[in-house]
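This report refers to the structure that appears directly beneath it.
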Amino acid sequence: MRIALRAKYIASEIHALLFISMWVLYSVFSQPLMDGPSVLPFAILFFADLPISFVAFGVMFTSIEKGMVAAALWGVLGTLWWFAIGIAIDARVRSWRENRATRTGLFPATTTANPVAVHSWRRELFIAASVVAVLTVGSIAWQWNG
């Protein structure tokens with residue numbers, strides 16, 4: 001029995017952790033988002049959430065009292081957006097695996113009668129945290145080296 005990863009959870013966890021790390025870097029180093037160590041997480045999130053980013057920054061630049069709400073909603077809606085992208089990736093992978101299992105050719109596919117997928121949320125969280133840690137450390141090192 002092999003452990004199957006679910007892209008919908010990994011993608012949404014990466015977005016949430018990257019969003020949190022971006023704001024932590026912004027607050028710890030006291031530099032602008034696009035000029036400090038938070039530039040790499042910010043650029044990834046800005047372009048990956050482009051429609052949401054446009055609306056959020058439009059509100060942040062025009063309304064002082066609703067700026068923080070727009071920033072928080074950017075994180076929440078972006079995480080939901082990445083969850084939906086992960087669902088699409090999972091469906092595509094499942095379709096590919098089903099097509100591969102039913103294919104008849106020179107060498108028949110070796111599958112069990114009823115494969116049971118066991119999901120490991122710890123492994124998914126570890127993968128997401130590792131990706132975000134590498135991006136965060138890389139962003140800090142990139143800023144220090146100029």
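Restricted to the range 1-31, and to residues that are among the hydrophobic types (A, V, I, L, M, F, W, C) and closer than 17 Å to residue 90 by Cα, which residue is modelled with the lowest pLDDT?
For the range 1-31, the residue satisfying everything is 3.
Out of everything in the range 82-94 that is among the small types (Gly, Ala, Ser) and exposed (fewer than 15 other Cβ atoms within 10 Å of the Cβ), what residue ends up being nearest to residue 47 (Cα to Cα)?
Restricting to residues being among the small types (Gly, Ala, Ser) and exposed (fewer than 15 other Cβ atoms within 10 Å of the Cβ), the top hit is 84.
Which residues, taken from the range 60-81, are farther than 26 Å from residue 128 by Cβ and surrounded by 16 or more Cβ atoms within 10 Å (Cβ to Cβ)?
Correct list: 60 only.
Working only within the range 44-59, note down all residues that are surrounded by fewer than 15 Cβ atoms within 10 Å (Cβ to Cβ) and in contact with a Ser or Thr (Cβ under 9 Å, 6 or more places away or on another chain).
Across the range 44-59, the qualifying residue is only 47.
The values are calculated or read from the model by the stated rules, or taken from the named source; none is laboratory data. Owing to the predicted nature of the structure, the values given are computational and were not obtained by experimental measurement. Because the Cβ atoms are built from the backbone with ideal geometry, glycine has one as well, and the counts that use them run over all protein chains shown.
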